[in-house]
Amino acid sequence: MNSTGILFVLCAPSGTGKSTLVRRLVAECPSFAFSISCTTRAPRPGERDGVDYHFLSREEFLRRREAGFFAEWAEVHGNLYGTPKAATLELLAQGRDVLFDIDVQGARQLRTSLGAGAYVFLFPPSREELHRRLTRRGTEDPETLARRMAAAKEEIAHCPEFDYWIVNDDLEDAYQRLKAVYLAEKCRPRYQEAWQRTLWNTWGLA
Ligand code: ADP
Ligand code: 5GP
């Protein structure tokens with residue numbers, strides 16, 4: 001039994017709809033904290049430093065990496081991304097559930113470095129729809145769009161490593177499934193230490 005929050009990891013090929021779903025889940029479930037990653041990627045229009053990402057130069061990222069600052073890190077689509085370790089551990093120790101929007105390499109490292117959690121893979125309904133969504137979002141030039149489509153295949157190849165699979169075809173249906181996974185995870189005894197103490201006191205159990 002431990003008293004930490006839930007490690008909730010969501011992976012999907014870029015453009016699948018992860019950010020859309022994560023924003024809603026965090027807004028509707030106040031116990032959630034979003035793990036703010038560091039990245040060397042340039043901010044997209046509307047993205048804020050310290051809210052969406054901590055935007056770092058490559059030099060600064062590498063310096064932090066050498067100092068053991070990250071719980072996991074990976075190079076994705078030509079940029080570096082990493083999860084700050086101390087901030088994450090502090091949130092979990094406070095009993096906050098932490099949501100990670102990271103790639104498959106990062107998910108694998110987190111399992112090793114931080115351990116148990118809910119690992120969810122989100123799929124686009126088809127290749128064509130993934131291409132349409134990336135195009136419609138309008139944040140990628142043709143070269144990075146092609147790179148993200150090629151990477152999608154590699155990421156999907158890792159889906160057997162995940163505990164839950166959700167297809168983001170109808171957005172509402174995908175959201176309800178994602179929330180159901182979260183609520184089911186919360187019912188695990190290991191996340192209910194306070195209730196266990198109450199039970200033991202109430203029923204006089206050892
Ligand atoms: P990701 O974070 O996975 O890269 P986004 O959340 O930015 O993806 O979504 C990519 C695009 O697809 C956005 O324009 C978003 O509005 C759209 N989108 C997300 N989910 C759906 C869905 N179920 N049906 C149609 N469009 C979607
Ligand atoms: P984007 O540039 O579209 O925001 O993210 C590109 C990819 O990097 C996505 O698959 C996203 O999940 C992943 N990513 C974002 N933050 C991290 C992180 O801290 N670590 C790892 N390993 N991947 C990340």
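The values are calculated or read from the model by the stated rules, or taken from the named source; none is laboratory data. The structure presented is a predicted model; accordingly, all values stated were derived computationally and were not measured. Glycine also receives a Cβ, built like all others from the backbone with ideal geometry; neighbour counts cover every protein chain displayed. For the accessible areas, the whole protein counts, side chains as well, though only heavy atoms, and no ligand, DNA or RNA atoms are used. Shrake-Rupley method; radii C 1.70, N 1.55, O 1.52, S 1.80 Å.
Tabulated results
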read-out	value
Strands (runs of 3 or more DSSP E) contained entirely in segment 6-115, each with at least 2 residues that are touching a residue at least 12 places away in the same chain (Cβ under 8 Å), among the hydrophobic types (A, V, I, L, M, F, W, C) and surrounded by 15 or more Cβ atoms within 10 Å (Cβ to Cβ)	7-11, 32-34, 70-76, 97-101
Residue that is within 15 Å of ligand 1 (Cβ to nearest atom) and touching a helix residue (DSSP H, G or I) at 6+ places or on another chain (Cβ under 9 Å), where the choices are Glu129, Glu140	Glu140
Residues satisfying the stated conditions in segment 132-148, i.e. within 12 Å of Thr16 (Cβ to Cβ) and either assigned by TED's automatic domain parsing to the domain that holds Ala42 or in contact (Cβ under 8 Å) with a residue 40 or more places away in the chain (or both)	Arg133, Leu134, Arg137, Arg148
Failed item in (1) surrounded by 12 or more Cβ atoms within 10 Å (Cβ to Cβ); (2) aliphatic (A, V, I, L, M); (3) in a helix (DSSP H, G or I), with Ala184 passing the rest	(1)
Qualifying residue in segment 100-110 (condition: out of contact with any Cys (no Cβ under 9 Å at 6 or more places or on another chain), more than 8 Å from ligand 2 (Cβ to nearest atom), in the same structural domain as Asn168 (by TED's automatic domain parsing) and not β-branched (Val, Ile, Thr))	yes
Set Asp163, Asp170: member being at pLDDT 95 or above, within 13 Å of ligand 1 (Cβ to nearest atom) and open to solvent by 60 Å² or more (accessible area, probe 1.4 Å)	Asp170
